[in-house]
Amino acid sequence: MGLLLKKRGSDSGSTIVSPMPEVEASSQSSSYDSDGHSEESYQDQPSLISNGGCTHGDPYADVRERMEKLAHKDRMASLSGEHAGGEPIIPVFAALTTYLGYAVLIVCGHIRDICASLFRSGRYIRTPTSSNFTSDDASKYAPLLKSWENFYTRRLYHRIQDCFNRPISSNPGATIQVLERVSRDGNKTMQVLGTLDSLDNDDQRLQYTSGSHFATTEKEKHVTRTCLNLGSYNYLGFADDWHVTCGKDVTASLTNLPVSTSSSRMEYGTTVLHQQLEELVATYTGKEAALVLNMGFNTNATTIPALVTKGDLLISDELNHTSIVNGARASGASIRTFLHNDTEHLENILKEAIVMGRPRTRRPWNKILVIVEGIYSMEGEYSDLKNIAKVCKKYGAYLYLDEAHSIGAMGPTGRGCTEFTGTDPNDVDIMMGTFTKSFGAMGGYIASSKEVIEYLRDTCAGSSYHNSLSPVVCQQIISAFKVIMGEDGTDIGQKKLTALRDNSNYFRMKLTDMGLHVVGNYGSPIMPVMLYNPTKIAAFSRECLKRGLAVVVVGFPAVPILMSRARFCISAGHTRSDLDKALKEIDEIADILKLRYANSTFG
């Protein structure tokens, strides 16, 4: 690999069976619009992408000027390095109550564990008499799970488990059907409710059927809740208009090709569609060649160990995704982290690495690889890519860009962070991305020089050993690319990109107007809203679900212990009417849960 990546010069509890009651919520405040418009003054606007891509005017005409000014100001501040981004400053009151909340939960959890151990009774006590597993005999076997992670799962996570892993029974479009669940063991496990006949009495059935969001599945008649989807990565809305944009070609691909090749790429897992897709990815990203893999997470986790190893230095942004972290740890390379989006800190680390060399021996590093993301998935911020590329070029370090959330979602033509920041793709040595967000598919890709790609085909475990990407999925991605690039003969792709940008900027502007702590940049479809206190994680999720909003909430360990948040993902499939409805409900929830930290230290 040293021949491929040489050092580059400067030029180069109780039973829960009752349903979540519906709430016919009305805003507690008369207006949340800083432009002086009340909710009632907004007229339902048609989607920018309806009837095959036709538009009927600008749904954001009344706020267009303000949106553009805010987006431009934010972009100039970011590109000029005025703020490096990262986590917001948590109010002192929120920090104290957050620590107190976790302390209470941990103390109570230990007390319950002690009582369960003394009395040999509890949800998590398993004995040979109550179990079919011989390993539950504590006199013969050591505990298989006994750690802080296990304690956290049992005594903290399970309390709010109903807020996570919610199953759906529809496509992940702008509106989804969320299957109702119940727990009969104090939230230790969650089960799909099924039909109304599963309930104990007519009063419980009435609580469901009288709700404004009640629905059932078409065949099984399982109880569902109709929700506005603010959590899926359906950035360009292909889940909403799949039958119009991609469906015909995808279903036709099944005529000649199987759903699975049942083989890796090195054996018999390559089809004509894999070759077409790789050529398309290379062209779209501006690189010589590309390699497609069957899982986005594994694209990072298996490619990074193939690129760097012992004797190499890997420098990673402190907020990089877990897949990058796992890949870095598996590589055997030495690892350094730099402050999020801080090019000055990155430069200092590079200087020290070049001058000091390896620990103990002081021999020079074989190569140095810097890894950043296009859009950081938990922050909604884009990378200061142009300045980072300049620093890498100055010191001869290679640059690896993860565009999982930015490819197809950023830039005038959707070409990601390089296009958005005006960075030459040739200044990025290795470009990684996934097809699970903007393309409505699965898998990931690596784009680089032909030499690097041919090397990875043989040495990357994701290519050598993993099952190849499904041909049907390849066709979905190809069809999505053609729409985005306008090669389908329509302007649907461009209108999707415009709609995503406008919807995202509008939603971010309105959340900020409410006085919420909103993280990230304009132009990003990801909008984290800070909750901080662990009790507000479940409260926010449950209040949103009552009102027909499907949202994602995130707590420790996915984010730092003080930085719990709700993460909204906006789609081109949303209309302004959808977003205004969601904003009205969120405005009321912000009052109930005291979330206006930008206005008051007490929320």
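The values are calculated or read from the model by the stated rules, or taken from the named source; none is laboratory data. Here the structure is a predicted model, which means the values were calculated and not measured. When we count neighbours, we look across all protein chains shown, and the Cβ atoms used for this are built from the backbone with ideal geometry, even at glycine. Quick note on the areas: whole protein, heavy atoms, side chains included, nothing else; ligands and nucleic acids left out. Shrake-Rupley method; radii C 1.70, N 1.55, O 1.52, S 1.80 Å.
Some observations on this one:
- A helix-only calculation puts the chain at -11500 deg cm²/dmol for mean residue ellipticity at 222 nm, using -39500 (n - 2.57) for each DSSP H run of at least four residues, averaged over all residues.
- Rounded, prolate or oblate (a/c below 1.5 giving rounded, otherwise prolate when a/b exceeds b/c) for the range 138-186 by Cα gyration tensor: prolate
- Among beta bridges that DSSP assigns inside the chain, antiparallel share in %, nearest 5: 65 percent
- For the range 309-379, the solvent-accessible area with a 1.4 angstrom probe is 46 square angstrom per residue.
- Both radii are taken from the alpha-carbon atoms of the range 396-458; with Rh as the Kirkwood radius, Rg/Rh is 0.99.
- Taking every Cα-Cα distance in the range 262-373 and sorting them into 10 Å bins from zero, the calculated P(r) comes out as 13, 34, 32, 16, 6, 0 percent.
- Three-way shape call for the range 319-467 based on the alpha-carbon gyration tensor, with the a/c threshold at 1.5: oblate
- With N the number of residues in the chain, Rg(Cα) / (2.2 N^0.38 Å) evaluates to 1.01.
- Under the criterion of Cα pairs below 8 Å and six or more residues apart, the relative contact order for the range 160-231 equals 34 percent.
- The chain - charge dipole about Cα centre, Lys and Arg +1 at Cβ, Asp and Glu -1, debye rounded to 20: 2220 debye
- Rounded to 5, the percent of DSSP beta bridges in the range 293-408 classed as antiparallel: 10 percent
- Ligands, DNA and RNA are left out, and with a 1.4 angstrom probe the accessible area of the range 168-213 is 49 Å² per residue.
- Base-10 log of normalised Debye intensity for the range 133-262 (one unit scatterer per alpha-carbon) at q = 0.13, 0.22, 0.23 Å⁻¹: -0.83, -1.27, -1.33
- Given charges at Cβ of Lys, Arg, Asp, Glu: the chain dipole, positive-most of ASN505, TYR376, PHE556: PHE556
- Share of carbon and sulfur in the accessible heavy-atom surface of the chain [1.4 Å probe, %]: 54 percent
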